[in-house]
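Student: Take this structure first; my questions come after.
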Amino acid sequence: MNDPLVILGIAGSLRKESYNRALLRAAQELTPEGARIEPLELDGIPLFNQDEEANPHPKVAEMKQRIRAADAILFVTPEYNYSIPGVLKNAIDCASRPYGDSAWDGKPVAIMGASVGAIGTARAQYHLRQTFVFLNMHPVNQPEVMVGSAQKRFDQEGKLTDETTKKLVQQLLAGLVSWTKRLANDAG
Ligand SMILES: Cc1cc2nc3c(=O)[nH]c(=O)nc-3n(C[C@H](O)[C@H](O)[C@H](O)COP(=O)(O)O)c2cc1C
């Protein structure tokens, strides 16, 4: 395990003023002592093509290396058409291949997400959780951080202003850190 513990933070939006990227920035400031979040940007990850999986694009190879070097993963997902955005699913698929060489295998993971809708990415989060079964990732269950009406919870500069959301993010990150340590102890 790294000291401080390294959480790789992946936001599933490429949008400059993305609420999810803003939520990831907020999480970086709310991380408990003894851990830090390193963001991974998804720009430039090519569309997955199984013909190329044995010969990965440098961006994919680098992403896999960073996932493997991290102690835990934090996904910050938007909801698109009641599911995970293609940008995020594509990155998950790219790093899961070739078969038997998935970078996600065994990683502790937490999810949060922000949307302008009322139920704050709930449907996307449950679809994302479903992928963890085959990926053999170990999710923190609670608290569920589903930030609805995101336009009311960030200021013009993209700073998270909602105190309840800040507390939930803090609780989720504390949970992820203790879960990661517990899994490492059990393995060791
Ligand atoms: C293609 C598309 C589909 C969307 N579908 C949903 C949806 O199913 N549920 C929802 O709450 N918001 C939906 N939205 C609105 C998003 O919540 C909103 O665009 C949000 O700002 C996206 O996250 P971001 O700010 O991190 O880019 C959708 C937006 C787009 C562009």
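The values are calculated or read from the model by the stated rules, or taken from the named source; none is laboratory data. Nothing here was measured: the structure is a model prediction, and the numbers come from that model. Cβ: placed from backbone, ideal geometry, glycine included. Neighbour counts: every protein chain shown. SASA here: full protein model, heavy atoms, side chains in, ligands and nucleic acids out. Shrake-Rupley method; radii C 1.70, N 1.55, O 1.52, S 1.80 Å.
Student: Given the conditions (1) in a helix (DSSP H, G or I); (2) surrounded by fewer than 20 Cβ atoms within 10 Å (Cβ to Cβ); (3) not charged (D, E, K, R), and given that Gly100 satisfies all but one, which numbered condition is not satisfied?
Tutor: With respect to (1) in a helix (DSSP H, G or I); (2) surrounded by fewer than 20 Cβ atoms within 10 Å (Cβ to Cβ); (3) not charged (D, E, K, R), Gly100 is out only on (1).
Student: Does segment 71-82 hold any residues that are of a type outside the set (D, E, K, R) and crowded, with 17+ Cβ neighbours inside 10 Å, and which are they? Spell out how you get there, then give the answer.
Tutor: Here is the first cut: in segment 71-82, the ones of a type outside the set (D, E, K, R) are 72-78, 80-82.
Hits for segment 71-82 are Ala72, Ile73, Leu74, Phe75, Val76, Thr77, Pro78, Tyr80.
Student: Also: Name the pairs whose Cβ atoms lie under 6 Å apart, with the first residue in segment 114-134 and touching a residue at least 40 places away in the same chain (Cβ under 8 Å) and polar (S, T, N, Q), the second open to solvent by 30 Å² or more (accessible area, probe 1.4 Å) and not in a helix (DSSP H, G or I), and 6 or more positions between them or separate chains?
Tutor: Once the first residue is touching a residue at least 40 places away in the same chain (Cβ under 8 Å) and polar (S, T, N, Q) and sits in segment 114-134, its partners that are open to solvent by 30 Å² or more (accessible area, probe 1.4 Å) and not in a helix (DSSP H, G or I) give Ser115/Glu79; Thr121/Glu79; Thr121/Met146.
Student: Conditions: (1) open to solvent by less than 30 Å² (accessible area, probe 1.4 Å); (2) over 30 Å from Cys94 (Cα atoms). Thr180 meets all but one. Number of the miss?
Tutor: Against the list (1) open to solvent by less than 30 Å² (accessible area, probe 1.4 Å); (2) over 30 Å from Cys94 (Cα atoms), Thr180 comes up short only on (2).
Student: Looking only at residues that are in contact with a helix residue (DSSP H, G or I) (Cβ under 8 Å, 6 or more places away or on another chain), assigned to a loop (DSSP other than H, G, I, E, B) and open to solvent by 20 Å² or more (accessible area, probe 1.4 Å) in segment 116-157, which one is farthest from the ligand (Cβ to nearest atom)?
Tutor: The residue in question is Gln142.
Student: Another question, then. Out of all the residues in segment 158-177, which are of a type outside the set (S, T, N, Q) and either under 13 Å from the mean Cα position of the chain (by Cα) or assigned to a loop (DSSP other than H, G, I, E, B) (or both)?
Tutor: First pass over segment 158-177, keeping only residues of a type outside the set (S, T, N, Q): 158-160, 162-163, 166-169, 172-177.
Answer for segment 158-177, where residues must be of a type outside the set (S, T, N, Q) and either under 13 Å from the mean Cα position of the chain (by Cα) or assigned to a loop (DSSP other than H, G, I, E, B) (or both): Gly158, Lys159, Asp162, Val169, Leu172, Leu173, Leu176.
Student: I've got another one for you. Would it be correct to say that Glu29 is open to solvent by 80 Å² or more (accessible area, probe 1.4 Å), without any contact (Cβ under 8 Å) to a residue 24 or more places away in the chain, closer than 22 Å to Lys167 by Cβ and not β-branched (Val, Ile, Thr)?
Tutor: On the way: open to solvent by 80 Å² or more (accessible area, probe 1.4 Å): yes; without any contact (Cβ under 8 Å) to a residue 24 or more places away in the chain: yes; closer than 22 Å to Lys167 by Cβ: yes; not β-branched (Val, Ile, Thr): yes.
Yes: the conditions hold for Glu29.
Student: I'd like the full set of residues that are in contact (Cβ under 8 Å) with a residue 24 or more places away in the chain, within 16 Å of the ligand (Cβ to nearest atom) and out of contact with any strand residue (DSSP E or B) (no Cβ under 6 Å at 6 or more places or on another chain), limited to segment 42-88.
Tutor: Leu42, Asp43, Pro78, Glu79, Tyr80, Tyr82, Ser83, Ile84, Pro85, Val87, Leu88, listed by residue number.
Student: Condition (residue is of a type outside the set (D, E, K, R) and open to solvent by less than 40 Å² (accessible area, probe 1.4 Å)) applied to segment 48-58: is it met by at least one residue?
Tutor: No, that holds for no residue.
Student: Ala110 fails exactly one of the following numbered conditions: (1) open to solvent by 10 Å² or more (accessible area, probe 1.4 Å); (2) hydrophobic (A, V, I, L, M, F, W, C); (3) assigned to a strand (DSSP E or B). What is the number of that condition?
Tutor: For Ala110, the exception is condition (1).
Student: Does Thr165 count as touching an Asp or Glu at 6+ places or on another chain (Cβ under 7 Å) and either modelled with pLDDT under 95 or buried (at least 18 other Cβ atoms within 10 Å of the Cβ) (or both)?
Tutor: So Thr165 does not fit the description; no.
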